There are 2 protein chains.
Amino acid sequence: MIAEALKALDRKEVERLVREVLQQKLRGATPPPAREYGKQAKAQAGGPPNPLVVNVSARHMHVTPEHLEILFGKGAKLSKMKDLYQEGEFASEQLVTLVGPRQRIIPNVRILGPVRNYTQVELSYTDGIYLGIDLPLRISGNHEGTPGITIMGPKGALTLDKGVIRAERHTHMSTEDMNYYGVKDGDQLKLKIDGPCGVVFDRVRVRYHPKVVLEVHIDTDEGNACDLESATHMALIK
Amino acid sequence: MIAEALKALDRKEVERLVREVLQQKLRGATPPPAREYGKQAKAQAGGPPNPLVVNVSARHMHVTPEHLEILFGKGAKLSKMKDLYQEGEFASEQLVTLVGPRQRIIPNVRILGPVRNYTQVELSYTDGIYLGIDLPLRISGNHEGTPGITIMGPKGALTLDKGVIRAERHTHMSTEDMNYYGVKDGDQLKLKIDGPCGVVFDRVRVRYHPKVVLEVHIDTDEGNACDLESATHMALIK
């Protein structure tokens, strides 16, 4: 489906898109936007063993070493812009441009490191509608039947045949956290956000790893729907 | 704040923006997108007197007759593209372009009719971040301390000094509906959306009018966060 749409993208069209991106960069306007922010709940006596941190994942990409070289040139490595909340994870300085089947582009999509053994693009539904991609709701790494996309880097372009998803809301948990909340890997919790745009998110998937710190990830649509920035209280509930 | 930012928008810059819009129109690509859709709950025996309808309000504008003439020329009237769910309300054929303080534009913003005694622009937080406007959360018509924006029409441009909001989630209700749910005008209910991206929205404001049909309005961020299209069940609860 996307492959067909992309056939229509001839060299001239791609050149025009690239020119557009360059023009946008030159004047400092790089739509559409991404907002990355998070919120940490206040610690309470007798409360959970670890502070509840909710972070909004703006659109981003994970990449294999091979794909990184296609986009950024032979021998390319990810360089760290800033550390993320999970140890070892980082926002890289590397940015790519996505080209969707509606011949619209999203520039300045950040690669999150380190490199992985699959390439994956995580978008919000707002992004998906913009690009013309019907995003499947998936846990990271589950790419069966997912759509592809064309990605442009400074040294080359790449067309994935799968790997574009909306990430399922999830919470990273260690054994200590799972014990406290009484859940196991793969279970679902609710995330309650109080505030002017209060929301309870169902189906927040528990993702266990022995070395993670407690962190909920929602996407920009969800972060904007509940106006996470103005939240007055947050809790994970069963 | 916005006025200052707009001072920087000289004639040349505006011309460039207009050219950009025209180019986008010519090739049929008009980012960013707007999705307008709704969902109606299945009727149940012993259930509410009226079917629960939830509609997503994409970004739009209401306009005074005076502002309509500035944008579309002397004597301009709104022409109907399609009826909305509330009797007498309609999506017009008239589209405008918004220019925000980050010198980014949103083209193809639809005017909803009929004309009103105030001009108002309703955007999602995603739109606000894109344009660089910190949107206040308001009930329609409450413009005290709200930001302005520049609006371009085919015949002229206009800079509002206020009237740009994120609309509070709300439900239109008649007396019959308020009696059934046990609420009065201005009260708040919760809207429960079940499905793969299930959400409970707090603070859905009750807006009474004797002649309305039961209808909840949420914005595109909220509609995308809960993936309203894939909802399996919906309910208003206290």
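The values are calculated or read from the model by the stated rules, or taken from the named source; none is laboratory data. All of these numbers come straight from a predicted model, not from anything done at the bench. A quick note on method: Cβ atoms are made from the backbone with ideal geometry, for glycine too, and the neighbour counts reach across all protein chains shown. Surface areas here come from the heavy atoms of the whole protein model, side chains and all, with no ligands, DNA or RNA. Shrake-Rupley method; radii C 1.70, N 1.55, O 1.52, S 1.80 Å.
Overview of values
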read-out	value
The stretch B:134-238: antiparallel DSSP beta bridges as a percent of all, rounded to 5	75 percent
Charge-dipole axis of the stretch A:101-238 as Lys and Arg at +1 and Asp and Glu at -1 on Cβ define it, positive-most pick from A:GLY153, A:ILE218, A:ILE237	A:GLY153
Summed buried accessible surface, chains B and A, 1.4 Å probe, nearest 100 Å²	2900 Å²
B:TYR130 - accessible surface, heavy atoms, 1.4 Å probe, Å² rounded to 10	30 Å²
Selection of trypsin sites (Lys or Arg not before Pro), the stretch B:195-237, meeting DSSP coil and at most 15 other Cβ within 10 Å	B:LYS211
Compactness of the stretch B:105-238, expressed as Rg and Dmax over alpha-carbon positions, Å	16.4, 49
Cα shape, the stretch B:40-181, gyration tensor, a/c 1.5 rule	prolate
Cβ-based net charge around A:ALA41, under 15 Å, with every Lys or Arg adding one and every Asp or Glu removing one	0
Unsatisfied cross-links (Cα-Cα over 20 Å) in the set B:LYS42/B:LYS190; B:LYS77/B:LYS155; B:LYS39/B:LYS80; A:LYS39/A:LYS192; B:LYS74/B:LYS155	B:LYS39/B:LYS80
Ranked order, B:GLU69, B:GLU229 - accessible area, probe 1.4 Å, largest first	B:GLU229, B:GLU69
